[in-house]
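Structure first, then comments.
The values are calculated or read from the model by the stated rules, or taken from the named source; none is laboratory data. All values derive from a computational prediction rather than experimental measurement. Neighbour counts are summed over all protein chains in view; Cβ atoms, including those assigned to glycine, are modelled from backbone coordinates with ideal geometry.
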Ligand SMILES: [Fe+2]
């Protein structure tokens, strides 16, 4: 509200354009009334008390006799397409009307009055004075004081106010567009930021289930839902580690099993295109179960729905999921689908690659009937040990693969040396000692094998620093290599060799324990000797049978 108008009804409020327009009119020496879309005046010039030294003029402006003329002018402005020309109410008193437009609709009108000293000489002026109960001379005096030498010109004022209205409306439109744009920008930033964080998790861990848990956590933190869950189908043809997995963050208002049951049911036999993303208690048993709307986004792989990302029981004052929240979850589900596809491709490639390496190491082991199956057994022992050490699934897998490939460098050792029955000469032994470095050289160009490289290079190091190839000691030896050293030695002592029979289990275990602190890590050796070796024994029997067949052939 400007200095020249005051509200007469609290239910109507002048728009920012109307307020600015009244300020400009006031600077031109004009008085303003504001009307709503129906032409009803809701704000008129200031009360007489508020106009210092012009109380009589204030009463005149707010008189009941003037109001019908003002409202009629406002209605004319609201009805027409173009702004009407100034209306001469009586000589020296002009009304200029402007209407604000939103699209094709006129939303309000402002009526500005240009009064000149000529008006005070008219009968209409005196009539209004009479109606307002003020002396015409007093009003004329106030007017003269108010104008302070200004002489408002209706035609000029109409032109200036018309331009002002256009400018102000355009500026308001620009501000609204800017607001919308910045809102979209903030939304898009938040979405990108969330997806960026999710991507970082996806790249930062090799354990798919752990990644899913972290993603759920991030979504639960970023979005106002009581719970967030991801359910993968039983046979989804993708990453085996994720099949039939259910990851839930925070507590739904039902049991985890009940929620899991509903999500599993939802996954059964629903085509990707038929998916309903916003579930309500009226049409979904899941929404009825949690007594709230649930946003359920499908996770797709190869055009098939393999899982669902769901969030429910929205917190905060508005219980309905907003379009922004749905967009977030939609983007996150798409992201999960892409992650899953990449992971499936990666797993496929890794399995193919490990299969090749396995065939390679098996062929090396098979050169010597005594080492047949050695790498596979070391792989099994290393992964069992990793499990006993409490390592995560991804690391356990790394230990297994490291065991599989630890002796791949033997491919560079002459067969005559590798399979020699008797004692090795110094030169032959030097050949053998090169196999960790040869193996490291073979694998180092393969990014997939990066986690295994330290194990391959250092599996013959000793805790006391007397091993090879780098004479590393203690904890300077990578832990994967310390585990491989235990598994490698255990297998060597437990299987027949050309120069001796397999040693009894008790002796093997006693030897490993005895060598803790010299050959082996003193903390790991006691853990290793307590492992369950039944699977190892089964494998050994199988491999010995294979070796016998090869030897007989
Ligand atoms: Fe070796």
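Odds and ends about this structure:
- Among residues of segment 406-440, those that are away from the ligand (no atom under 12 Å from the Cβ) and not in a helix (DSSP H, G or I), counted: 8
- Residues being out of contact with any strand residue (DSSP E or B) (no Cβ under 9 Å at 6 or more places or on another chain) and more than 13 Å from the ligand (Cβ to nearest atom) - total across segment 454-489: 16
Residues are listed down the side, and each one gets a yes or a no for (1) surrounded by fewer than 19 Cβ atoms within 10 Å (Cβ to Cβ); (2) at pLDDT 90 or above; (3) farther than 19 Å from residue 486 by Cα; (4) in the same structural domain as residue 524 (by TED's automatic domain parsing):
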position: 403; (1), (2), (3), (4): no, yes, no, yes
position: 430; (1), (2), (3), (4): yes, no, yes, yes
position: 450; (1), (2), (3), (4): yes, no, yes, yes
position: 464; (1), (2), (3), (4): yes, yes, no, yes
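- For segment 514-528, the criterion of a residue being crowded, with 18+ Cβ neighbours inside 10 Å and in a strand (DSSP E or B) is satisfied by at least one position.
- In the set (1) crowded, with 21+ Cβ neighbours inside 10 Å; (2) touching a strand residue (DSSP E or B) at 6+ places or on another chain (Cβ under 6 Å), the condition left unmet by residue 152 is number (1).
So that you can scan it fast, the table gives a plain yes or no per residue for (1) touching a strand residue (DSSP E or B) at 6+ places or on another chain (Cβ under 9 Å); (2) within 28 Å of residue 144 (Cβ to Cβ):
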{"residue": "75", "(1), (2)": "yes, no"}
{"residue": "92", "(1), (2)": "yes, yes"}
{"residue": "97", "(1), (2)": "yes, yes"}
{"residue": "102", "(1), (2)": "no, no"}
{"residue": "111", "(1), (2)": "yes, yes"}
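- Selection within segment 379-400 - within 19 Å of residue 436 (Cβ to Cβ) and surrounded by fewer than 23 Cβ atoms within 10 Å (Cβ to Cβ): 398, 400
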